[in-house]
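Note sheet for the following structure.
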Amino acid sequence: MPVLLDPADAGFARDPYPYYARLRAQGPAVRTPLANGTHAWLVTGYQAARTVLSDPRFSNVPAPRAGRPKPDSAAERARACLARHMLNLDAPDHNRLRRLVTGAFTPRRVDALRPRIEQLVGPLVADVQARLEGGGVADLVDAFAFPLPVLVIAELLGIPEADRTDLRTWTYRVGSPADSLAPGEVEEAWGSLHTYFSELIAHKRRAPGDDLFSALVHEEREGSLDDGELLALAFLLLFAGYETTMNLLSSASLLLISHPEELGAARREGSRRWDAVVEETLRHASPLEGATWRRTTEEVDLGAGAVIPAGESVLVVLAAASRDPEHFAEPDVFRPARYLAGAGRAAGHVAFGHGAHVCLGARLARLEATIALPMLFGALPGLALADAVDAIPYRPGLLVRGPRSLRVQRL
């Protein structure tokens, strides 16, 4: 039997990869005991992950009353409403909702954001620089990795910039295990998010703007959104719109500072190398630790003795799949050159998922990172960590992964 998995454990959050490697050695999927008293099948291999993510026998619709029993409450009703987003749906409902927002993330529209992203990065880099003056310390998560994607998604969705701090607090809490927070914080966060998005949607109905939320609120075509779907989609687009990119930027910064030879290569070689840095960060330090939970609709045989009964909870661990030694040479080594064009190019990672539910915002996340990282490290040579690597705190949980703070100084 595998060792109990406690997502709230700080040591596991900092380095979960040895645990996942032990699971991977046991087979394509392993029934794993969780700290909340339940069990789930964890999929940690690359090929098995791609298989599960594209197999309709693994439903995205959560099982009724999954996990610990939750008494009825206003907060639980708010959570259930916001959880009705398209990542928790199967076809045809998933397809209908995805089509409504796909247009905002086409390559042409995303690439057109480049000048605006460059404008947003400049003041953030200047702010970090000011904090470092005179031997000061700056937190790259608070001053750089968090505000940039929030500013970008806020403009795209039409969310007031002044609300970003509260939204960050609430989304952090709902994305973390309840055991890692004070009693009641998760419930309060779900209620606050529900209230906030209800009021924002009402405002967009009264005074629409030139943004995605306004367009969705006033969508009149067949298959448009009802109020519950609007609320859930608002939450999903915000949460997914900044969480992944925030973790990508912070993890890439940490990796570059702690691998000065790779930072030097990126500075010398320019855009092609920065592209490779971003891809390797996505593989090596996946901003999403796991995909959304799946549930088997019938018995599924994944081979090698892994037979999952019907009605079981299944988690594809994206962070583990992208470090599968059968598909990536030296998977635990940060080596951006593996993603340079030419012979021997590495297999594609699964940081953004796979199949019908693959992340819509993948191109936007890559664009932000390939703009922001060169600007940050170009303006601030000599960055060093202010804390030991093993003292950097990480997000707890099995959903998103990245440093909670990243304090730096200048040498």
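Every read-out reported here was derived from the displayed coordinates using simple, explicitly stated rules and does not represent laboratory data. Just so it is clear, the model here is predicted, and its values are computed rather than measured. All Cβ positions, even for glycine, are placed from backbone atoms using ideal geometry, and neighbour counts span all protein chains on display.
Counting GluC sites (Glu not before Pro) as exposed when in a DSSP loop with at most 15 other beta carbons within 10 Å, what is the longest stretch of the chain free of them?
The answer is 1-218.
Quick check: convex hull over the Cα atoms of the stretch 132-204, volume per residue in Å³, rounded to an integer?
109
Take every Cα pair under 8 Å in the chain that's 6+ residues apart, average their separations, divide by the length, and report that relative contact order as a whole percent. Kindly include the intermediate steps, with their values, before the conclusion.
Values: 641 pairs, mean separation 110.8, N = 411.
Taking the mean separation of contacting Cα pairs over the length of the chain, I get 27 percent.
Bin by bin, in steps of 10 Å, what percent of the Cα pairs in the stretch 52-202 do you find, going until the bin that has the longest distance?
Whole-percent P(r) values from 0 Å outward: 8, 26, 33, 24, 8, 1.
How long, wide and thick is the stretch 243-326, going by the Cα atoms along their three principal axes, in whole angstroms, largest first?
53, 28, 20
Where in the stretch 282-307 does the label zone of Gln47 land, with the point 7 angstrom along Cα→C-beta and an amide N cut-off under 18 Å?
Under 18 Å, as judged by backbone N against the label point of Gln47, lie 301-307 of the stretch 282-307.
Within 11 Å, Cβ to Cβ, of Val307, how many net charges do the neighbouring residues add up to if Lys/Arg are +1 and Asp/Glu are -1?
Surrounding charge for Val307 is -2.
Please identify the longest segment of the chain free of exposed trypsin sites (Lys or Arg not before Pro), where exposed means a DSSP state other than H, G, I, E or B and no more than 11 other Cβ atoms within 10 Å. Spell out each step's value before the answer.
Numbers: sites that count: Arg65, Arg221.
Maximal segment without exposed cleavage sites: 222-411.
With 5 Å bins from zero, work out the P(r) of the stretch 33-123 over every alpha carbon pair and list the percent per bin.
In whole percents, the pair-distance histogram is 2, 9, 12, 14, 16, 15, 13, 10, 8, 2.
Can you tell me what percent of all Cα-Cα pairs in the chain are more than 35 Å apart?
Distances greater than 35 Å cover 26 percent of the Cα pairs.
Quote the FRET efficiency, to the nearest 0.05, computed for Ala182 versus Arg267 with a Förster distance R0 of 60 Å and r equal to the Cβ-Cβ distance.
So, using R0 = 60 Å, E works out to roughly 0.90.
If you average the sequence gap of Cα pairs under 8 Å that are 6 or more apart and divide by the length of the stretch 237-302, what percent do you get for the contact order? Please report the intermediate quantities before stating the final value.
Values: 25 pairs, mean separation 27.3, N = 66.
For the stretch 237-302, the relative contact order is 41 percent.
What is the sum of charges around Asp111, taking Lys and Arg as +1, Asp and Glu as -1, for the other residues whose C-beta is under 15 Å from the C-beta of Asp111?
Its environment carries a net charge of +3.
Quote to one decimal, in nm, the extra length available between Val389 and Asp166 on full extension: 0.36 nm per residue of separation minus the C-alpha distance between them.
Net length gain for the segment: 77.4 nm.
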